[in-house]
1. Whole number in Å², please: accessible area per residue of region 77-161, 1.4 Å probe, ligands, DNA and RNA not counted.
2. On a full-extension model of 0.36 nm per residue, what is the gain between S123 and S69, subtracting their alpha-carbon distance, rounded to one decimal in nm?
3. If you average the C-alpha positions of region 127-189 and of region 12-91 separately, how far apart do those two centres end up, in angstrom?
4. Please give me the summed charge of the neighbours of D28: other residues whose Cβ is under 10 Å from its Cβ, Lys and Arg +1, Asp and Glu -1.
5. So what is Rg over Rh here for region 101-189, counting just Cα atoms and using Kirkwood for Rh?
6. Stretched out fully, how many nm does the piece from R8 to Y170 gain, at 0.36 nm a residue minus the Cα gap?
7. Express the carbon and sulfur contribution to the solvent-accessible surface of region 149-189 as a percent, rounded to the nearest whole number, probe 1.4 angstrom.
8. Can you match Rg and Dmax of the Cα atoms in Å to one of these, (i) 21.6, 72; (ii) 14.8, 44; (iii) 16.6, 66, based on a calculation from the structure here?
Amino acid sequence: MNDELFLRGHRVPMTKEPVRLLALERLDLRHARRLIDIGAGTGSISIEAALRYPNLDVIAIERNESALSLIAENCRHFDCHNIRIISGMAPVYIAETADAIFIGGTGGQLTELIDWSLQHLPSGGRLVMTFILLENLTKALAYLQTCRVTQLDCCELQIGALTSLGQGHYFKPNNPAYLISCLKEEYRA
């Protein structure tokens with residue numbers, strides 16, 4: 001879904017379309033019952049997942065008041081009814097587990113959110129995270145190597161958009177984004 005379709009707010013982050021597409025691919029929601037989106041920002045991941053999979057129960061967690069209003073507006077704008085918005089600083093109490101968890105914002109609680117996510121995922125559940133700061137990327141990779149995860153993968157996404165310049169065109173680069181994905185390790189008795 002094109003980024004321009006989302007309602008945007010001042011200083012409310014949004015996972016951009018190319019990054020969102022790869023994140024949704026890695027979340028692999030085809031057979032999922034529930035997705036938790038931590039640090040939901042504008043709600044772009046939650047909304048695109050909810051529209052693609054109408055039977056999916058989506059929980060969007062966000063702490064920023066402006067972002068919370070924007071998520072609700074975007075849900076109305078896209079007529080999404082399978083998204084529950086939770087106001088609070090993650091990790092928050094949620095009784096349910098999820099088949100997949102996306103972390104788009106950490107609020108400085110990165111390792112706590114990884115632990116919380118792994119507690120809320122079943123064996124084989126998917127965890128996907130995106131970052132723009134190298135410090136968060138390296139901290140997440142180092143910490144995940146101490147956790148019970150498999151298929152740990154990381155990639156850098158450097159996307160450029162065709163832009164006109166005078167009578168010609170060039171690719172104007174966006175800032176790089178980093179995407180980490182992994183599965184919660186299968187429990188072995």
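1. 51 Å²
2. Numbers: separation 54, 0.36 × 54 = 19.44 nm, distance 3.40 nm.
Value of the extension gain: 16.0 nm.
3. The two parts, judged by their Cα centres, are 18 Å apart.
4. In short, +1.
5. Computed over Cα atoms, the ratio is 1.15.
6. Contour length minus Cα-Cα distance gives 55.7 nm.
7. That share works out to 51 percent.
8. Computed from these coordinates, Rg and Dmax of the Cα atoms in Å corresponds to label (iii).
The values are calculated or read from the model by the stated rules, or taken from the named source; none is laboratory data. Small disclaimer: the values here were computed from a predicted structure and weren't measured. Here the Cβ is made from the backbone with ideal geometry for all residues, glycine too, and neighbour counts use every protein chain on show. For the accessible areas, the whole protein counts, side chains as well, though only heavy atoms, and no ligand, DNA or RNA atoms are used. Shrake-Rupley method; radii C 1.70, N 1.55, O 1.52, S 1.80 Å.
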